[in-house]
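Bear in mind that the values in this text are calculations on the coordinates, not laboratory data. This one's a predicted model, so the numbers in the text were calculated from it and none came from an experiment. Glycine gets a Cβ as well: all are built from the backbone with ideal geometry, and neighbour counts include every protein chain shown.
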């Protein structure tokens with residue numbers, strides 16, 4: 001029997017029993033759809049996390065103060081305050097063209113901001129002049145402050161888009177004056193307020209949120225101004241961020257920065273460093289590992305549905321073999337070989353799972369589209385990749401082969417005389 005004849009005979013058998021074939025495929029359809037939908041959630045979450053990390057800037061090497069030791073317990077002491085603006089300048093000077101840029105930051109806390117009869121409460125951060133380069137963050141209007149502004153502790157500010165919108169609405173914020181206000185000793189009775197005027201010189205483009213925190217709701221000021229005017233913590237910075245020239249040079253840059261700071265801080269044992277140096281590749285790898293495990297778990301849950309569908313395929317194929325025992329006997333009596341019978345029943349099983357896999361893909365895609373249209377779940381990341389589709393269909397066909405093999409072998413092993421006598 002030719003392969004074409006086996007294929008045609010198998011399809012005819014499926015068409016004759018339409019309802020049974022449809023119900024048998026249903027398990028595979030639901031299983032494939034579950035795999036597609038669940039893995040798309042995992043892929044979407046992974047892509048969202050990576051986009052969030054890269055939204056902070058690309059090829060970043062970050063230096064932060066290390067927590068000290070307390071009675072032999074590492075990381076239990078207070079956070080070191082040994083990172084300085086001079087450290088950042090030294091890294092810039094020593095690495096030169098080996099890095100794209102570097103900047104330092106100091107948080108000053110939240111301030112009440114008033115302007116044009118409006119008020120808003122937001123985070124104020126002191127940064128250096130290369131902040132836009134390091135963070136891959138352009139300005140929507142105006143200009144970023146310069147090294148000269150840092151040298152004279154200029155009281156100038158750059159606003160995030162949300163902050164600018166809340167203070168000035170649709171009006172141009174550049175050139176306007178804002179007041180930063182903090183109250184000491186309590187707002188009620190006897191409180192002493194600090195009111196500082198800053199001139200707005202630029203507005204950043206929209207960046208969105210990072211891990212739930214809006215990056216557009218903030219004000220950045222020159223680092224030296226933050227140190228001398230806002231916090232009083234002179235020459236101290238909370239972090240130093242270096243932008244490597246490429247992803248391939250990040251490990252070398254990390255090592256160079258670590259060596260420079262060990263030398264500057266007179267530390268001979270790297271294990272006793274009062275700072276930590278991390279690069280973005282390590283962060284992405286760690287998060288990718290977590291989201292990859294999450295995706296694998298979701299895929300395994302969907303795979304259980306496919307396994308149940310495979311058991312249903314085997315059950316129906318065994319029933320089909322029993323029902324068609326006399327047919328098998330007649331085929332063998334007229335010259336059909338074991339391989340012909342085996343091929344026919346395998347084709348039936350693979351056809352059921354293959355068609356079920358295709359319909360499952362369509363159902364899985366439909367589920368993701370419906371979820372995207374639900375307002376409460378519109379932000380849920382869903383990403384269907386070609387790899388997911390190929391794997392889902394491949395697994396469904398493999399299940400057809402695996403679970404259809406035993407019934408097919410059972411049919412192929414039937415003795416022609418016994419099959420003809422079967423009632």
Going from the fewest other Cβ atoms within 10 Å to the most, one would list 245, 206 as 206, 245
Extend 7 Å from the Cα of residue 47 along its Cα-to-C-beta direction; within the stretch 283-314, residues with backbone N under 19 Å of that point are 284-285, 287-299
Taking 158-167, 121-130, 173-182 and ranking on average Cβ neighbours within 10 Å, highest first, one gets 158-167, 121-130, 173-182
Residues 209, 46 in order from fewest to most other beta-carbon atoms within 10 Å are 209, 46
With label points set 7 Å from each Cα along the Cα-to-Cβ direction at residue 114 and residue 18, the distance between them in nm comes to 7.8
For the stretch 102-182, inverting the pair-averaged 1/r of distinct alpha-carbon atoms gives a Kirkwood value in Å of 13.6
Proxy exposure order for 314, 409, 25 (fewest C-beta within 10 Å first) is 409, 314, 25
Between the modelled labels at residue 322 and residue 148 (7 Å from Cα along Cα→Cβ) the distance in nm is 9.3
Normalised per residue, the volume inside the convex hull of the alpha-carbon atoms of the stretch 81-273 in Å³ amounts to 148
Working note, the stretch 100-149: Cα radius of gyration (Å, one decimal) and Dmax (Å, whole number) are 13.1, 41
Note to self: C-alpha centroids of the stretch 121-164 and the stretch 281-315 sit apart, in Å, by 44
Here, residue 304 and residue 269, labelled 7 Å along Cα→Cβ, have an inter-label distance in nm of 5.0
For the stretch 81-273, averaging the sequence separation of alpha carbon pairs under 8 Å that lie six or more residues apart and dividing by its residue count, the contact order in percent is 31
Quick calc, residue 337 & residue 391: beta-carbon distance into FRET formula, R0 25 Å, rounding 0.05, result 0.15
